[in-house]
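See structure below.
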Amino acid sequence: QVQLVESGGGLVQAGGSLRLSCAASGSIFSINTMGWYRQAPGKQRDLVASITADGNTNYADSVKSRFTISRDNAKNTVYLQMNSLKPEDTNVYYCNADYFDIYGLAYKDYWGQGTQVTVSS
């Protein structure tokens, strides 16, 4: 079994910062792309940022220059540093990973349970 466990969400005032972490554990051989998505109630889940195993990043236009995604491959962990937070960043944030397990099977779009980020005005 593989688990993606997010942490670091919470309540912050507009202009503040939060750092999300997502640690992958279990029968993992290697992880390809890891990413963060967010979803408001009744809306689709949208990409916030993603990072490949060799460090190539991709960001949603709405978070460019404010958010930074990084990863520690040795720890199978991805981070999302969120600065200059705005009320419209309020969402549940989900970690996502594409990985190979120890049996050589590929898994795509594996999700964590989500962590709530609330930005007050």
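Taking θ as phi - 60° and the Karplus parameters 6.51, -1.76 and 1.60, the scalar couplings of region 56-62 work out to 6, 10, 9, 10, 5, 4, 5 Hz in sequence order, x denoting glycine and proline. For the chain, the share of DSSP beta bridges that are antiparallel, to the nearest 5, is 90%. The phi-based Karplus calculation (6.51 cos²θ - 1.76 cosθ + 1.60; θ = phi - 60°) puts the 3J(HN,Hα) values of region 81-95 at 8, 10, 10, 6, 5, 10, x, 6, 7, 4, 5, 8, 9, 10, 7 Hz, whole numbers, x for Gly and Pro. Cα-based radius of gyration for the chain, normalised by 2.2 N^0.38 Å, reads 1.03. Were the residues from Thr57 through Gln39 laid out at 0.36 nm apart, the gain over their Cα-Cα distance would be 4.5 nm. At a probe radius of 1.4 angstrom, the accessible area of region 38-121 per residue rounds to 55 square angstrom.
In this calculation the C-beta distance from Phe29 to Ser70 is compared with R0 = 22 Å, giving a FRET efficiency of 0.50.
The values are calculated or read from the model by the stated rules, or taken from the named source; none is laboratory data. Predicted model, so just to flag it, every value in this text is computed and none were measured. Virtual Cβ from ideal backbone geometry, glycine too; neighbours counted across all protein chains shown. Areas reflect the complete protein model, heavy atoms only, side chains present, ligands, DNA and RNA absent. Shrake-Rupley method; radii C 1.70, N 1.55, O 1.52, S 1.80 Å.
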